[in-house]
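Values quoted throughout were computed directly from the atomic coordinates according to the rules given, and no laboratory measurement underlies them. Remember, it's a predicted structure, so these values are computed and weren't measured experimentally. Note: ideal-geometry Cβ built from the backbone for every residue, glycine included; neighbour counts use all protein chains shown.
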Ligand code: FES
């Protein structure tokens, strides 16, 4: 095991967006069938347009976040502890602007906490 906490902190990493793209072969809803890939693409594009993708803001495609819905994807932003469900691609600009500011300058673990 290798602890890399200081290295990550020094890299400028500030926030982590998790996007569920989980699929399941059952009667229960899963994000893969509820725009998961499209939401992931929209999150990535929004962050790239502002120059913070994988520099200040990391993005991870995840398995189930426990907020399953047939109406949209689950998204979490950490370490802020913000959770969303039913996210569709058209929601992404407002969601990320609300979290990070329109120009993605509201970054860091203390930003957005209240
Ligand atoms: S399948 Fe996405 S939150 Fe459960």
Fill in: Largest-first principal axis extents of the Cα set of the chain (Å)
45, 38, 27
Worksheet item: How far is helix 36-49 tilted, in degrees, relative to the longest principal axis of the Cα atoms in the chain, given as a value from 0 to 90 rounded to the nearest 10?
Response: 30
Worksheet item: Where the Cα atoms of the stretch 17-57 are projected onto their three principal axes, how long is each span, largest first, in whole Å?
Response: 40, 14, 8
Worksheet item: Which value in deg cm²/dmol, rounded to the nearest 500, describes the helix-derived mean residue ellipticity at 222 nm for the chain, given -39,500 (n - 2.57) per DSSP H run of n ≥ 4 and division by the residue count?
Response: -7500 deg cm²/dmol
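Just to verify a number: FRET efficiency for residue 102 and residue 13, C-beta to C-beta distance, R0 = 22 Å, to 0.05? Walk me through the intermediate numbers first.
Working: r = 21 Å, r/R0 = 0.96.
Once rounded, the FRET efficiency stands at 0.55.
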